[in-house]
Amino acid sequence: MSDAKAPAATVHPRRKIQLVDFLLSFRWIIVVFFVLPFSFLYYFSIYLGDLKSERKSYKQRQMEHDENVKEVVKRLGQRNAAKDGLVCTARPPWVVVGMRNVDYKRARHFEVDLSKFRNILDIDTERMVAKVEPLVNMGQMSRVTIPMNLSLAVLAELDDLTVGGLINGFGVEGSSHIFGLFSDTVVALEVVLADGKVVRATKDNEYSDLFYAIPWSQGTLGLLVSAEIKLIPVDQYVKLTYKPVRGNLKELAQAYADSFAPKDGDQDNPSKVPEMVEGMIYGPTEGVMMTGMYASRNEAKRRGNVINNYGWWFKPWFYQHAQTALKRGEFVEYIPTRDYYHRHTRSLYWEGKLILPFGDQFWFRFLLGWLMPPKIALLKATQSEAIRNYYHDHHVIQDLLVPLYKVGDCLEWVHREMEVYPIWLCPHRIYKLPVRPMIYPEPGFEKHKRQGDTEYAQMYTDVGVYYVPGAVLRGEPFDGSEKCRQLELWLIENHGFQAQYAVTELTEKNFWRMFDNSLYEQCRRKYKAIGTFMSVYYKSKKGRKTEKEVQEAEQEKAEQETPEADEPAN
């Protein structure tokens, strides 16, 4: 782990050691003897269920899906709006992947069970579209499609991430500089509205406003029951080039941009743009940039080429393997495509080092690496309130979406205020659309013709900041809530966005300064979500949500409703 050190002349007060520090130092006992075994059993049971589903015909799966949708509609019809709380899914709070506490479920709510919606309904090789239910996860998708030499256009790295979460929230991956965010690859959405009506929304039908409003809405416009998502052809291997870079943070950011964005602006030229891109900053003066191209089995097995079967449990954690380029220099290897897609799963990027300090050691990887990763839901379930609050104050998990030309500024801010390393860099497009959804490119960006931008999309970067700040590692005070507030204000000032799965300190006013609510609120009124589903701000905000607080907010929105608000989006 590369940890930046404060200047020797700087003297900082020491942070007071708490009981929770002691508990965390021995948390590995619970992880090794409880979380890992139960995680393995959970994953194995899910795998068996997936195999059972895959043996069914697509027609049978579709029939079961239709019956399950009818059950959801029936359940919504049983709700008494005057007596029952707002609609929520029946998933327990600790099951959700993400750092944010699901405190809104502690208010009185009306549960709708979507647990049966975990099947791949169809793989249409003519349309190049996969029709899937919302609880299908990325591991399940890659296991089915890769043997067909197909993949989702954007397949997020962690196995546990679900289609519904990535559409309603945020999903990015190494191909996003070509295809955009996960939600940008969606072709159609099947949604159960507040009144029980089932609709299919596309970008050019009568529900196009709903289609554009659902991404980032956190399930507050309706219940997603299936999605049709773009497929792309892929080869059996990814030819990955690791390139070490050194310099100050601005120079590292420029080297990262140069790795995938031609300076002549020819961003759509496949001969100039790699198919996969990722950067990792290991400290304020060094990083490794990785670019990949799909390759056939025959190419990978040519004499002299190096194949890294990264899927084996005993392999070094990927971020540490990539870091070796800083010593050995630039190198190239071929990784099986599915292994590459899930390269960060076993170590949870580098968060695994906090969960199991010895998890990256060879002896552990060889003996127990096959049990990794721990199920995030089980990690959350075994956290006490004190540990959860400690993480909020002494730990950072943020995905910051910033324009490509501001990555250097962002890296300098994170180093100055947080000192968190490594940092993950993943480029993605934000498209100029006929409507303005919750996230959108900078107005007039196309006139500047900056590196990575095109006439129809601005190039952004996900700056992934996950780990313990340098001050905490040195035993110094660190105010996590205040730093989070400062970070969010920096994002607002620089037309950046914060992933909503993360802990937020945003007030409602600042939340809607960061995100655009015009289309979202219009759809909330038009599709009668107000009074049925919680507002996305109250679903995202930090802290316990009381029933009174939520109901008052919904009532205020309902009273603001006007006939003009029901007009469709332009």
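The values are calculated or read from the model by the stated rules, or taken from the named source; none is laboratory data. Small disclaimer: the values here were computed from a predicted structure and weren't measured. Cβ atoms come from the backbone with ideal geometry, glycine included; neighbour counts cover every protein chain shown. Surface areas here come from the heavy atoms of the whole protein model, side chains and all, with no ligands, DNA or RNA. Shrake-Rupley method; radii C 1.70, N 1.55, O 1.52, S 1.80 Å.
Values as computed for the structure displayed
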item: Count of residues meeting criterion [under 22 Å from residue 519 (Cα atoms) and either touching a residue at least 12 places away in the same chain (Cβ under 8 Å) or buried (at least 23 other Cβ atoms within 10 Å of the Cβ) (or both)] in the range 435-459; result: 12
item: The range 421-471, residues that are in a strand (DSSP E or B), among the β-branched types (Val, Ile, Thr) and in contact with a helix residue (DSSP H, G or I) (Cβ under 6 Å, 6 or more places away or on another chain); result: 461, 463, 465
item: The range 74-91 - residue that is open to solvent by less than 50 Å² (accessible area, probe 1.4 Å) and of a type outside the set (D, E, K, R) and, of those, modelled with the lowest pLDDT; result: 90
item: Condition met for residue 407 (buried (at least 18 other Cβ atoms within 10 Å of the Cβ), at pLDDT below 95 and touching a Phe, Trp or Tyr at 6+ places or on another chain (Cβ under 8 Å)); result: no
item: Residue count, the range 215-273 (criterion: outside any loop (DSSP other than H, G, I, E, B) and over 30 Å from residue 539 (Cβ atoms)); result: 23
item: Filter pass, residue 472 being modelled with pLDDT under 95, at negative phi and not charged (D, E, K, R); result: yes
item: Flag if residue 171 is buried (at least 23 other Cβ atoms within 10 Å of the Cβ), among the small types (Gly, Ala, Ser), out of contact with any Leu (no Cβ under 8 Å at 6 or more places or on another chain) and at pLDDT below 95; result: no
item: Options 530, 492; residue that is open to solvent by 10 Å² or more (accessible area, probe 1.4 Å) and in a loop (DSSP other than H, G, I, E, B); result: 530
item: Test for residue 276: is it of a type in the set (A, V, I, L, M), at pLDDT 95 or above and farther than 29 Å from residue 417 by Cα; result: yes
item: Positions within the range 283-306 being open to solvent by less than 60 Å² (accessible area, probe 1.4 Å) and part of a strand (DSSP E or B), in sequence order; result: 283, 286, 287, 288, 289, 290, 291, 292, 294, 295
item: Some residue of the range 480-489 being among the aliphatic types (A, V, I, L, M) and either in a loop (DSSP other than H, G, I, E, B) or closer than 16 Å to residue 438 by Cα (or both); result: no
item: Which numbered condition residue 550 fails, given (1) surrounded by fewer than 18 Cβ atoms within 10 Å (Cβ to Cβ); (2) at pLDDT below 65; result: (1)
item: Condition met for residue 466 (of a type in the set (Phe, Trp, Tyr), under 30 Å from residue 214 (Cα atoms) and open to solvent by 10 Å² or more (accessible area, probe 1.4 Å)); result: yes
item: Residue that is most open to solvent (accessible area, probe 1.4 Å) [pool: residues in the range 209-266 that are farther than 30 Å from residue 524 by Cβ, at pLDDT 95 or above and of a type in the set (Lys, Arg)]; result: 246
item: Selection from the range 145-169 of residues that are in a loop (DSSP other than H, G, I, E, B) and more than 17 Å from residue 349 (Cα to Cα); result: 149, 153, 154, 169
item: Considering residues of the range 338-375 that are over 22 Å from residue 464 (Cβ atoms) and open to solvent by less than 30 Å² (accessible area, probe 1.4 Å) only, the residue farthest from the chain's Cα centre (by Cα); result: 364
item: Check on residue 415, open to solvent by less than 30 Å² (accessible area, probe 1.4 Å), over 20 Å from the mean Cα position of the chain (by Cα) and either of a type in the set (Asp, Glu) or modelled with pLDDT of 80 or more (or both); result: no
item: Check on residue 327, more than 20 Å from residue 158 (Cα to Cα) and not in a helix (DSSP H, G or I); result: no
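The rows are residues; the columns are (1) assigned to a loop (DSSP other than H, G, I, E, B); (2) surrounded by 19 or more Cβ atoms within 10 Å (Cβ to Cβ).
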{"site": "117", "(1), (2)": "yes, yes"}
{"site": "131", "(1), (2)": "no, yes"}
{"site": "143", "(1), (2)": "no, no"}
{"site": "204", "(1), (2)": "yes, no"}
